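Below is one structure, written out as structure tokens; comments come after it.
The values are calculated or read from the model by the stated rules, or taken from the named source; none is laboratory data. None of the values given here were measured: they were computed from a predicted structure. Here the Cβ positions follow ideal geometry from the backbone for every residue, glycine too, while neighbour counts run over all protein chains shown. Surface areas here come from the heavy atoms of the whole protein model, side chains and all, with no ligands, DNA or RNA. Shrake-Rupley method; radii C 1.70, N 1.55, O 1.52, S 1.80 Å.
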Amino acid sequence: MEKVILLRYGEIHLKGKNRGFFDNQLIKNIENVTRKIDSKCKPSKVGGRYLISEFSGENLERLVSACTKIFGLVSLSIATKVPSVPEKIIEVLNDILSNDEFDLQFAKSFKVDVKRADKKFPIQSTEFERELGGVVLDKFPDLKVNLTKPEKTVFVDIRENGSTFIFADKIKCCGGMPVGTSGKGLAMLSGGIDSPVACYMMAKRGMKLSAVHFHSFPYTSEQAKQKVVDLAKLLVPYTGELDLYVVSFTKIQEEIHKKCKDGYMITIMRRIMMRICEKLSEKHGFQAVITGENLAQVASQTIESMTSTENALENLPVYRPLIAFDKIDIIEIAKKIGTFDTSILPYEDCCTVFLPKNPLIKPKISLVEKEESYLDMENLVNEAVENLELIHLS
């Protein structure tokens, strides 16, 4: 009898001949997460499940919490592993019930749910459910059987490898696809609410992320930069290891303020940020830029503004996973993933520096390009890339 964590995947089962690629990446991600917590634990695959075993009991809660954040998993259970022998299953269930591990003492109703993936198991599922239900009633005679809406369920999962798992709860995980199965992206990470949620959404679809942050010290404070580092740390349980590129934007903003018309400030800033992202992508193999832009939320997020911004890129697509979200939906996700409280800390970001009174909301690309012609664009971009700070988070 052994306590294990039983993990269930989701969309992977829809994959065809390349399913092994997704399987292998998911088990690798599980290993990377769990071995940081307990170096002795052993993730493995058991039929259509993943299994974490041989861990210290004191690490159980941390392991469960960490696994709920691994994209690709839809649920998990803390289970007791036993050999797939009817007499042994009954014996172990009796032990579990004697200790009331499933908290049945004060329940009013229950059912037994048997899944028989191993068709060689000698007893049919419904017949074994009735037999095990009798075992439960012998221990708790006041319980009532309710097959439709039971207060408690005793699950018995008989797998193909000769092992059976007994458990009482299914804990929800994040779902999605395993990180590392959908290419590499560079996320623009500000200190606001939206961009960390955008990172979460793209990681959920399997994209491996790095992030870039633009700061304008001394116009913005060290606390503002640290806030973004803290946000990136909060994302790591979902994204896995994360490289954060911190780019000084001070000189660029001063040059724009000095040489370009005031209303074009935000548009030109965003276009230069895109060019820097493209330079980083050429160097590190990123395949897309991710932003937290949300249609019509602010002046820089009109169709015309976003078109003008994206026009600065030559070869990269821009992904905007929050484009059609209501703000309240974004806030709900931020609270769920734990970034909201940090995002609302009152530290300014670089977009508030030299903020024009009347920013253009429908910029024309030809006029934007004319204003940009007053800047030494190539040197500004190259200098910013050459002097950035890289922070590795894991």
Exercise. With respect to residue 260, is the statement that it is within 27 Å of residue 386 (Cβ to Cβ) and modelled with pLDDT under 90 true?
Worked result: no
For this session: Just need a number here: residues in the range 39-52 that are farther than 24 Å from residue 118 by Cα and modelled with pLDDT of 95 or more.
Result: 0
Problem set entry | Number of the condition not met by residue 15 [criteria: (1) surrounded by fewer than 16 Cβ atoms within 10 Å (Cβ to Cβ); (2) of a type outside the set (Val, Ile, Thr); (3) at pLDDT 90 or above] | (3)
Exercise. What residue, among those in the range 35-46 that are touching a strand residue (DSSP E or B) at 6+ places or on another chain (Cβ under 6 Å) and open to solvent by 20 Å² or more (accessible area, probe 1.4 Å), is farthest from residue 3 (Cα to Cα)?
Worked result: 44
Exercise. Can you tell me which residues in the range 1-46 are among the basic types (Lys, Arg), closer than 20 Å to residue 160 by Cα and within 20 Å of the chain's Cα centre (by Cα)?
Worked result: 8
Problem set entry | Total residues in the range 202-233, condition surrounded by 19 or more Cβ atoms within 10 Å (Cβ to Cβ), assigned to a helix (DSSP H, G or I) and either among the acidic types (Asp, Glu) or out of contact with any helix residue (DSSP H, G or I) (no Cβ under 6 Å at 6 or more places or on another chain) (or both) | 7
Exercise. Pick from the range 159-178 the residues that are under 15 Å from the mean Cα position of the chain (by Cα) and outside any loop (DSSP other than H, G, I, E, B): which of them is nearest to residue 70 (Cα to Cα)?
Worked result: 177
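A quick yes/no check of all residues on (1) modelled with pLDDT of 95 or more; (2) surrounded by fewer than 16 Cβ atoms within 10 Å (Cβ to Cβ); (3) over 21 Å from residue 116 (Cβ atoms):
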site	(1), (2), (3)
26	yes, no, yes
33	yes, no, yes
54	no, yes, yes
66	yes, no, yes
72	yes, no, yes
83	yes, yes, no
91	yes, yes, no
95	yes, yes, yes
Problem set entry | Any pair with Cβ under 6 angstrom, 6 or more apart, that starts in the range 120-138 at a residue that is among the hydroxyl-bearing types (Ser, Thr, Tyr) and ends at one that is outside any helix (DSSP H, G or I) | 125/114; 125/116
Seminar exercise, completed: Per the list (1) open to solvent by 40 Å² or more (accessible area, probe 1.4 Å); (2) free of Cβ contacts under 8 Å to residues at least 12 places away in the same chain; (3) not aromatic (Phe, Trp, Tyr), residue check on residue 49 breaks on (2)
For this session: Those residues that are in contact with a Cys (Cβ under 7 Å, 6 or more places away or on another chain) and modelled with pLDDT of 95 or more, I need them from the range 239-257; list them, please.
Result: 239
For this session: Scan the range 179-193 for residues that are out of contact with any Gly (no Cβ under 9 Å at 6 or more places or on another chain) and in a loop (DSSP other than H, G, I, E, B) and jot them down.
Result: 191
Exercise. Looking only at the range 249-267, which residues are of a type outside the set (S, T, N, Q) and more than 26 Å from residue 222 (Cβ to Cβ)?
Worked result: 259, 260, 261, 262, 263, 264
Exercise. In the range 76-93, what count of residues is obtained for those that are farther than 13 Å from residue 167 by Cα and of a type in the set (S, T, N, Q)?
Worked result: 1
For this session: Hey, could you check the range 263-276 for residues that are open to solvent by 20 Å² or more (accessible area, probe 1.4 Å) and either among the small types (Gly, Ala, Ser) or closer than 30 Å to residue 331 by Cβ (or both) and say which is modelled with the highest pLDDT?
Result: 270
Problem set entry | Qualifying residues in the range 119-158 (those that are open to solvent by 20 Å² or more (accessible area, probe 1.4 Å) and under 33 Å from the mean Cα position of the chain (by Cα)) - the one farthest from residue 80 (Cα to Cα) | 149
Problem set entry | Of all residues making up the range 123-158, the number that are farther than 14 Å from residue 90 by Cα and in a loop (DSSP other than H, G, I, E, B) | 11
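Okay, residues lined up against (1) assigned to a strand (DSSP E or B); (2) closer than 28 Å to residue 206 by Cβ; (3) open to solvent by 20 Å² or more (accessible area, probe 1.4 Å); (4) in contact (Cβ under 8 Å) with a residue 24 or more places away in the chain:
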{"site": "278", "(1), (2), (3), (4)": "no, yes, no, yes"}
{"site": "286", "(1), (2), (3), (4)": "no, yes, no, yes"}
{"site": "307", "(1), (2), (3), (4)": "no, yes, yes, yes"}
{"site": "323", "(1), (2), (3), (4)": "no, yes, yes, yes"}
{"site": "332", "(1), (2), (3), (4)": "no, yes, yes, no"}
{"site": "366", "(1), (2), (3), (4)": "no, no, yes, no"}
{"site": "381", "(1), (2), (3), (4)": "no, no, no, yes"}
{"site": "391", "(1), (2), (3), (4)": "yes, yes, yes, yes"}
For this session: Hey, could you check the range 234-251 for residues that are part of a loop (DSSP other than H, G, I, E, B) and over 16 Å from residue 188 (Cα atoms) and say which is least open to solvent (accessible area, probe 1.4 Å)?
Result: 240
